[in-house]
Each structure stands twice: as structure tokens, then as C-alpha cells.
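Worksheet: one structure, shown below.
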Amino acid sequence: MANLKSYLSALLYILFPDNCLACGGVIEEEEDSICSICRFSLAKTNFHLDDKNIVAQKFWGRTKLNYAISYLFFRKEGDVQNLLHGLKYNNQPQVGEILGNWYAQELMDNDFYKNFDIIIPVPMHPKKLKKRGYNQSAYFGKGLAEIWKIPQLENGIKKLSNTLSQTKKSRQERYDNMKAGFEITDLEAIKNKNILLVDDVITTGATLEACANLLLKGGAKTVSIATIAAAQS
Ligand SMILES: [Zn+2]
């Protein structure tokens, strides 16, 4: 029976081969979503080895980040753009998880991952989330969390769709949340924790800044950020 099953899956693969989501080429049966050639030619930033990297610099004077790191350089009309497009618009959330797994493995080398207790993804607007069906940043966080064996609080921060739902909060908390446009769902869960905020790609950094400031104000010990990709300049 097992033989028949593997025979059928091999046959299916021959009839309907999968394509690499980065280059569009046919991928081998044992590969998942991204071919080996693309995997090994991804442009890595190695920002974790450089405290003064361009993403860290973006936040100087805006918020206090312990680390600011990105896995890949974003290149227009290239492999990384194709991957992010699939992740965000083509119902390919597994891309986020795979890249999270790979990045997490690289950061295991020098114990870098020990700087973090929990992972929180940047939240999506509820309407957008409903339309897409998943939060792509949470898939990246899931990929990291699986390898590091630390928890991800998928709904640790909520994007506020309106500000009227906060009746149980103190006046100061309500004010902070409203200003940020986000709310921390469980203050106890983040208290004194070293938090890694994750997002798919960094552009202006405004959302990450707002979330980081809110977490620090809410009692987090340290906040760091990690994104799948960052622009080169
Ligand atoms: Zn490829």
C-alpha cells in the first residue's frame, strides 16, 4: 500500500511538476517551493553581525531596538520579490515559514537566537486579514519559532479597527493604544520579556516603530525586529 502511494505521488509529480516560486523553474520532488539553486543564491544581509546596519540606523532616534535584522536584500524584479509576491498575494504562506526556518537555522550558529524569549508578528488590519486569510508575517514568525523552540504570540498585538472597543483599559493605556493604532492584547505576557517583532519587508518602518514603542511602554524588557527582506539602500 505504501509502495502504491509513493508510486502514485511520483506519477502525480511527473504529470504536474511544481515550480520554484523564486525563478519559476521546475523543482525536484524533494524540494519544497524554492529550488536549491535559488536557495543558495539568495542575497543574505548578515545584519546580525553588524550593529550599525542600515535597518538599525533607520530606527535611531525613533525607538530603542536591541537588534534590527533582515534575512535578505530586497531586489526588484528578482527572486526575493517573486517570493514576497507569492507570500502576500498568491496564497503561498508556506514561503514565509520556509524562509523563517532557514533564517532561524543560520542564527543558531552563534547563539544569536538566545536574545529572544517570544516572537510577535506585526498584525494586519482585520479587514485585510479576512480577505487574505492569513498574516504573512506570522508565517515567518512561525518558521523561526519552530526551529528555536520559543513561543510566538500570534495575536500579541492587535491592529485597532476602531478605538471604541477598549472600555476595560485604563485611560493611559487607551491613550497609548489610540496613538499607536495598535493594542497589546495581554500585558502580562510581554512583561519583562525580550521580544522579537517580525514583519515581511521593511519600508518606512513606521509600523514597526509604533509596535516597538508600544511594547516598551507596556513593560517589555527589550524589543528587536526581524524582517524577511530589506531594501539595499
Ligand atoms: Zn528557483
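The values are calculated or read from the model by the stated rules, or taken from the named source; none is laboratory data. Values in this document were obtained by computation on a predicted structure and should not be read as measured data. Every residue, glycine among them, receives a Cβ derived from its backbone with ideal geometry; neighbour counts consider all protein chains shown. Please note that ligands, DNA and RNA were not included when accessible areas were found on the heavy atoms of the full protein model with its side chains. Shrake-Rupley method; radii C 1.70, N 1.55, O 1.52, S 1.80 Å.
Couple of notes before you dig in:
- Residue within region 94-106 that is open to solvent by 10 Å² or more (accessible area, probe 1.4 Å) and outside any helix (DSSP H, G or I) present: no
- Residues being crowded, with 17+ Cβ neighbours inside 10 Å and free of Cβ contacts under 8 Å to residues at least 24 places away in the same chain - total across region 49-64: 2
- Filtering region 81-93 to residues that are in a loop (DSSP other than H, G, I, E, B) and of a type in the set (Phe, Trp, Tyr) leaves nothing.
Rundown of residues vs (1) in a strand (DSSP E or B); (2) under 25 Å from residue 76 (Cα atoms), yes/no style:
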| position | (1), (2) |
| --- | --- |
| 189 | no, no |
| 197 | yes, yes |
| 200 | yes, yes |
| 208 | no, yes |
| 211 | no, no |
| 215 | no, no |
| 220 | no, no |
| 223 | yes, no |
| 229 | yes, yes |
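- Per the listing 153, 208, the residue uniquely assigned by TED's automatic domain parsing to the domain that holds residue 58 and over 16 Å from residue 62 (Cα atoms) is 153.
- Some residue of region 58-74 being hydrophobic (A, V, I, L, M, F, W, C), within 16 Å of the ligand (Cβ to nearest atom) and at pLDDT 95 or above: yes
- Here residue 90 fulfils each of the conditions (1) polar (S, T, N, Q); (2) within 15 Å of the ligand (Cβ to nearest atom); (3) assigned by TED's automatic domain parsing to the domain that holds residue 135 apart from (2).
- Positions within region 16-48 being polar (S, T, N, Q), surrounded by 12 or more Cβ atoms within 10 Å (Cβ to Cβ) and either in a loop (DSSP other than H, G, I, E, B) or away from the ligand (no atom under 13 Å from the Cβ) (or both), in sequence order: 33, 45
- Residue 134 satisfies every condition listed in (1) modelled with pLDDT under 95; (2) part of a loop (DSSP other than H, G, I, E, B) except (1).
- Test result for residue 84, more than 11 Å from the ligand (Cβ to nearest atom) and either open to solvent by 20 Å² or more (accessible area, probe 1.4 Å) or outside the structural domain of residue 104 (by TED's automatic domain parsing) (or both): no
- Just so you know, in region 65-81 the residues that are in contact with a helix residue (DSSP H, G or I) (Cβ under 8 Å, 6 or more places away or on another chain) and among the polar types (S, T, N, Q) include one that is most open to solvent (accessible area, probe 1.4 Å), and it is 66.
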